[in-house]
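Enquirer: Below is the structure I would like to discuss, written out as structure tokens.
The values are calculated or read from the model by the stated rules, or taken from the named source; none is laboratory data. In this text, all values refer to a predicted model and were calculated from it rather than measured experimentally. Cβ atoms come from the backbone with ideal geometry, glycine included; neighbour counts cover every protein chain shown. Note: areas computed on protein heavy atoms with side chains; ligands, DNA, RNA excluded. Shrake-Rupley method; radii C 1.70, N 1.55, O 1.52, S 1.80 Å.
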Amino acid sequence: MKQFQSKRIKLPLIIIAWGFMALLLILPIILVISQAASHGLGHYLQLLANLNTLRAFNLTVAATVISVGVNLILGLSAAWIIAFHDFPGKRLLNTLIDLPLSVSPVIVGLIFVLTFGRTGWLAPLVAHFNLQIIFAPPAIFLVTIFVTFPFVTRELVPVLIARGREEEQTAAFLGANFWQIFTQITLPAIKTPLAGGLVLASARAMGEFGAVAVVSGNIVGKTLTLPLLVQSLYNQFKFEDAFGVATILLASTFAIIYLKRVLLKNSPTF
Amino acid sequence: MEQRATNRLIPGYRLGLSITLTGLSLIVVIPFCSLLISGIQMGWQPFIHTITDSRVVASYLVSLKGAFSAALINVILGLVLAWVLTFYEFPGKKLLDALLDLPFALPTAVAGIALAFLFSTKGWLGQFAAQFNLKIAYTFSGIVIAMVFVTIPFVVREVQPVLAQLDETYQEAALTLGAKPNLIFRKVIFPEILPALIAGFGLAFARSIGEYGSIIFIAGNQPFKTEITPLTIMFKLEAHDYNGATAIACVMLLFSFVFIYVIHSLQRHFENKRLGKK
Amino acid sequence: MYIDIRHISKAFNGQSALNDINFGVQEGKLTALLGPSGCGKTTLLRVLAGLETAGSGQVAIAGRIVDDIKPQERGIGFVFQNYALFRYLNVYDNVAFGLKTKHWPAAKIKARVQELLDLTGLSDLAQRYPDQLSGGQKQRVAFVRAIAPNPKVLFLDEPFAALDSQIRQELRIWLKNLIHQVGITSIFVTHDHEEAIETADEIVVMNQGQIQQVGTPLEIYYQPQNEFVANFIGHSSLLKNPDLNGYDLPKTACQVQIRPEHVHIHKLSKKVTSFGQSATVKAVQFKGLTTNVALDIQGQKLLAYWDAGATPLGIGEQVQITIERLVVFQNNQSQILKAQNTAQRQIQVL
């Protein structure tokens with residue numbers, strides 16, 4: 001806009017923007033890396049190869065893969081019926097799908113403890129099958145699925161609605177079954193937003209802290225995810241180790257931001 | 001209008017509905033019912049007693065004040081960021097835009113320890129602030145900074161598309177009438193972006209209220225001073241006081257829903273006003 | 001009747017959208033559902049296709065009642081207004097899609113698709129993707145794709161609405177010829193009366209959820225059964241209780257429809273005696289081949305044509321007119337009247 005291009009307006013605004021971002025976003029990144037490196041490369045590599053780090057890494061990967069996998073199926077199903085079918089209670093369904101976005105992570109953890117914990121109302125069921133859910137990986141997976149639940153659907157529904165139902169309807173008139181329509185007509189059109197939704201879900205799954213902290217029980221080597229391990233090391237004043245483990249998460253963050261920007265160029269959500 | 005079963009042309013309705021409802025029930029509905037059951041079982045007296053406990057009430061205030069300050073700061077800085085990214089060309093613009101994704105993608109625990117370290121009295125920024133006798137980490141300011149960090153993108157991402165769509169000719173028409181930039185901003189641009197600003201404020205506020213991971217490292221977590229409500233719930237849980245945790249969680253959820261409703265109404269109100277004016 | 005529609009009614013949120021619709025379509029015929037927007041024509045087509053459920057009534061296609069049969073099992077080919085070509089398949093695969101789903105042998109699919117593409121002049125475009133086609137080409141592909149699996153009937157929703165006027169003209173004739181060549185019973189929806197008259201074998205005129213008239217284009221044009229049809233189809237003037245020389249019009253309240261081509265204008269000159277009707281020229285609009293003339297007759301507006309090559313008419317000029325033919329509407333009945341006296345229709349030259 002021409003009238004706002006004068007240097008008197010432009011320069012101060014750019015300086016404020018850059019200054020704010022540099023202080024609040026760039027400095028922390030530099031800090032993480034420099035702290036991780038403060039005890040030398042040898043120490044850093046040892047930390048990464050440490051059994052507890054590896055176990056936490058595996059648990060985080062498992063939680064991410066499982067929640068992303070479940071969300072792939074759930075997100076596609078929900079988007080399919082919301083975009084292509086009319087049924088009573090659709091608004092309620094939409095609200096329920098968005099619900100996890102507006103709940104504090106700590107409350108997410110709490111409701112799963114209330115359900116499956118020792119005093120929870122499903123506790124007898126859990127005991128009957130001799131399952132360990134709370135303070136064990138299953139609870140971590142469940143809360144991670146919960147917090148990532150809306151992402152895929154929210155990316156897909158607007159794309160599908162903007163596209164219209166006619167291609168799918170035509171394919172059905174031509175005798176195609178569900179699988180033919182989905183694989184040949186719908187999937188090619190939604191590949192990118194679907195992948196984008198999955199990337200967003202992985203970001204949240206990988207980094208989830210509050211909800212996992214409530215249900216994990218913090219058993220070192222068993223129920224610690226990478227973010228929990230970071231906290232645990234930090235609380236033991238092993239700062240350079242905490243920041244060292246944090247670099248793994250930081251690297252994944254950069255990968256995710258890159259993928260997100262490639263896949264969801266035009267999407268305003270994040 | 002419901003379609004008759006025979007009239008669903010596109011297949012996959014029953015399959016999709018079954019999967020969605022099963023997933024939704026297991027993951028969302030049943031756990032929420034637990035909260036409801038637990039809340040009802042504890043009885044009215046203990047419920048009221050818990051949620052009006054002075055330490056708990058203090059935590060509400062810390063959370064509310066913190067979230068409000070953070071959302072307000074982000075409305076101003078978010079507008080500046082969105083403005084700069086939409087209207088100006090400058091070095092590092094793409095990097096700046098990409099950086100805005102960081103608060104969402106970066107695990108909150110990493111953000112939390114980095115901010116705590118940065119703003120502690122020995123940290124790079126904390127040292128600097130200490131020269132002016134300012135203490136940031138382990139104070140209320142620390143909470144606000146963490147909240148600002150995690151909610152930076154909300155306002156920017158709401159306002160950016162609106163600014164980009166602002167009709168250039170509309171602007172120039174106003175300019176030819178001799179309007180100054182100042183006037184154009186107040187009379188033309190501001191009404192256009194107001195709904196987006198409100199939406200961004202709402203999202204940032206709601207997220208700040210619930211945020212946990214990035215705050216606890218920098219907050220200091222002193223009861224009555226720097227204890228946020230999610231942390232109060234966490235303490236109750238650690239003490240195995242599930243009833244107490246449930247009661248506070250119910251208050252938080254109720255507040256969130258009412259707040260989201262109010263923000264939606266406000267947003268719609270200003271949206272209608274904007275469209276009505278045109 | 002190949003398609004039989006009986007007592008179809010439907011309401012949306014308590015408001016009637018279709019009201020006791022009855023008509024039939026003969027095998028191999030192309031029928032147009034014509035009416036202004038919101039008249040229920042698209043809803044009716046969607047009910048026939050099974051995309052919407054009727055509140056009551058019955059639809060039979062090829063002798064089979066289809067009310068409880070899934071849309072995809074009714075033997076329908078459907079062309080949507082936006083054509084809905086499969087964006088990620090090329091023209092060949094778009095056309096072959098419906099054959100593959102029915103597990104035709106590969107050689108038969110190839111032969112059928114090739115035959116259809118040749119028939120419609122699309123062979124050169126077989127490897128193109130929808131994005132690379134013009135509007136008219138898209139429409140042809142959508143049409144070919146719909147008829148490829150040999151459906152019993154073909155439904156088209158506003159098939160020409162997305163095209164610009166020149167291509168529209170061309171495709172109307174193309175579609176009409178092809179449908180007759182293939183011999184498929186078809187129904188299409190349109191709001192354009194010229195399109196319906198030019199393209200269809202039979203027209204169903206609808207308004208406010210009700211059928212106004214069913215008939216051939218000629219019947220609809222020359223024998224409108226009510227004022228709505230008269231007004232909606234083609235250009236005409238509706239006069240209230242006029243007093244016209246040579247016509248024995250009812251003395252009670254009635255409406256008279258006069259098409260402009262049935263109005264003859266005669267310039268007043270010394271050579272012409274008074275006969276017919278006197279009128280005043282109110283407006284003249286040059287249209288190329290003809291000139292449209294708005295006349296004032298007894299305070300009412302009457303449209304007529306004037307030969308573009310003849311001496312121009314001036315605004316305010318007094319003229320004599322004779323009316324060859326008109327339709328009278330009274331008490332929901334219509335009656336065609338022709339000038340009683342041939343003398344009325346002839347120019348008397350002294």
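Enquirer: Calculate the dipole size of chain C relative to its Cα centre from +1 charges on Lys and Arg beta carbons and -1 charges on Asp and Glu beta carbons; express the result in debye to the nearest 20.
Expert: Charge dipole, chain C, about its Cα centre: 240 debye, nearest 20.
Enquirer: Mind jotting down the distance between the C-alpha centroids of segment B:215-240 and segment B:66-109, whole Å?
Expert: 28
Enquirer: A further question on this structure: When the dipole is taken about the Cα centre of the protein assembly as shown, and only Lys, Arg (+1) and Asp, Glu (-1) are charged at their Cβ, what size is it in debye, to the nearest 20?
Expert: That gives a dipole near 1160 debye.
Enquirer: Hey, if you put +1 on the Cβ of every Lys and Arg and -1 on every Asp and Glu Cβ in segment B:195-278, which of B:Leu203, B:Gln267, B:Phe235 ends up farthest toward the positive end of that dipole?
Expert: Checking the options against the dipole of segment B:195-278, the answer is B:Gln267.
Enquirer: With a/c under 1.5 counting as rounded, go ahead and sort chain B into rounded, prolate or oblate using the C-alpha gyration tensor (a ≥ b ≥ c being the square roots of the eigenvalues; past the cut-off, prolate if a/b is larger than b/c, else oblate).
Expert: oblate
Enquirer: Relative to the first principal axis of the alpha-carbon coordinates of chain C, what is the inclination of helix C:106-119, with its axis defined by its Cα atoms, in degrees from 0 to 90 and to the nearest 10?
Expert: 20
Enquirer: If we sort C:141-147, B:190-196 on the protection proxy, mean other Cβ atoms within 10 Å, highest first, what's the order?
Expert: In decreasing order of mean packing, C:141-147, B:190-196 become C:141-147, B:190-196.
Enquirer: Over the heavy atoms of A:Arg163, what accessible area does a 1.4 Å probe trace out, to the nearest 10 Å²?
Expert: A:Arg163 exposes around 40 Å² with every protein chain in place.
Enquirer: Could you work out how far helix C:135-147 tilts from the main Cα principal axis of chain C, as a 0 to 90 degree angle to the nearest 10?
Expert: Taking the Cα atoms of chain C, the angle to C:135-147 is about 60 degrees.
Enquirer: Further question: Relative contact order of chain A, please, whole-number percent, based on alpha carbon pairs below 8 angstrom and at least 6 residues apart.
Expert: This gives 31 percent for chain A.
Enquirer: In chain B, which whole DSSP H runs stretch at least 18 Å along their own axis (Cα) and average 0.5 or higher on the Kyte-Doolittle scale?
Expert: B:54-87, B:140-165, B:190-210, B:242-277
Enquirer: Accessible area, 1.4 Å probe, largest first: how do A:His85, A:His39 sort?
Expert: A:His39, A:His85
Enquirer: Next question. Report, to the nearest whole %, how much of the accessible area of the protein assembly as shown belongs to carbon and sulfur atoms, 1.4 Å probe, protein only.
Expert: Taking all protein chains in place, the protein assembly as shown shows 58 percent carbon and sulfur surface.
Enquirer: Could you report the buried accessible area between B and A, both sides summed, computed with a 1.4 Å probe and given in Å² to the nearest 100?
Expert: Roughly 8500 Å².
Enquirer: Let me check something: with ligands and nucleic acids excluded, how do A:Asp98, C:Asp118, C:Asp131 order by accessible area (1.4 Å probe), largest to smallest?
Expert: Output order, biggest surface exposure first: C:Asp131, C:Asp118, A:Asp98.
Enquirer: Return the value, in Å² to the nearest 100, of accessible area buried between chains A and C (probe 1.4 Å, both sides summed).
Expert: Roughly 1700 Å² of accessible surface disappears when A and C pair.
Enquirer: Let me ask something else about it. Heavy atoms only, 1.4 Å probe, whole protein assembly: order A:Ile161, A:Ile134 by accessible area, highest first.
Expert: A:Ile161, A:Ile134
Enquirer: A further question follows. What does the C-alpha gyration tensor say about the overall shape of chain C? Classify as rounded when a/c is under 1.5, otherwise prolate if a/b is larger than b/c, or oblate.
Expert: Note, shape of chain C comes out prolate.
Enquirer: How big is chain A in terms of Cα radius of gyration and Dmax, in angstroms?
Expert: Here Rg and the maximum Cα pair distance are 22.5, 73 Å.
Enquirer: Using the Karplus curve 6.51 cos²θ - 1.76 cosθ + 1.60 with θ = phi - 60°, work out ³J(HN,Hα) for each residue of segment A:142-155 in order, rounded to whole Hz, and write x for Gly and Pro.
Expert: 4, 5, 5, 4, 4, 6, 9, 3, x, 4, 5, 4, 5, 6
Enquirer: What average count of beta carbons from other chains do you get within 10 Å of the Cβ of residues in A:92-104?
Expert: Taking the mean over all residues of the peptide, I get 5.
Enquirer: From the gyration tensor of the Cα coordinates in segment C:185-339, what semi-axes in whole Å does the equivalent ellipsoid have, largest first, with each one equal to sqrt(5λ)?
Expert: 30, 20, 12
Enquirer: Tell me which residues come under 5 Å, amide H to amide H, from C:Asp20 once H is placed; ignore anything under 5 positions away on its chain.
Expert: C:Ser9, C:Lys10
Enquirer: Give the average, rounded to an integer, of partner chain Cβ atoms located within 10 angstrom of each Cβ in B:112-120.
Expert: Per residue, the number of nearby Cβ atoms from other chains is 6 on average.
Enquirer: What whole-number value in Å² describes the accessible area per residue of the protein assembly as shown for a 1.4 Å probe?
Expert: On a per-residue basis, 44 Å².
Enquirer: Using only Cα atoms and rounding to the nearest 10 degrees, what angle (0 to 90) does helix C:91-100 make with the longest principal axis of chain C?
Expert: Computed tilt is about 60 degrees.
Enquirer: Rounded, prolate or oblate: pick one for segment B:44-145, where a ≥ b ≥ c are the square roots of the eigenvalues of its C-alpha gyration tensor, a/c under 1.5 means rounded, and failing that, prolate if a/b is larger than b/c, else oblate.
Expert: Prolate is the answer for segment B:44-145, as a/c is 1.5 or above and a/b outweighs b/c.
Enquirer: Quick one: check the C-alpha center-to-center distance for segment B:5-39 versus segment C:153-202, whole angstrom.
Expert: Each part's Cα centre sits 45 Å from the other's.
Enquirer: If you take each beta carbon of peptide C:43-56 and count the beta carbons of other chains within 10 angstrom, what is the mean?
Expert: 2
Enquirer: Could you tell me what fraction of 2.2 N^0.38 Å the Cα radius of gyration of the protein assembly as shown comes to, as a two-decimal ratio?
Expert: 1.26
Enquirer: Please state the relative contact order of chain C as a whole percent: Cα pairs under 8 Å, 6+ residues apart?
Expert: 16
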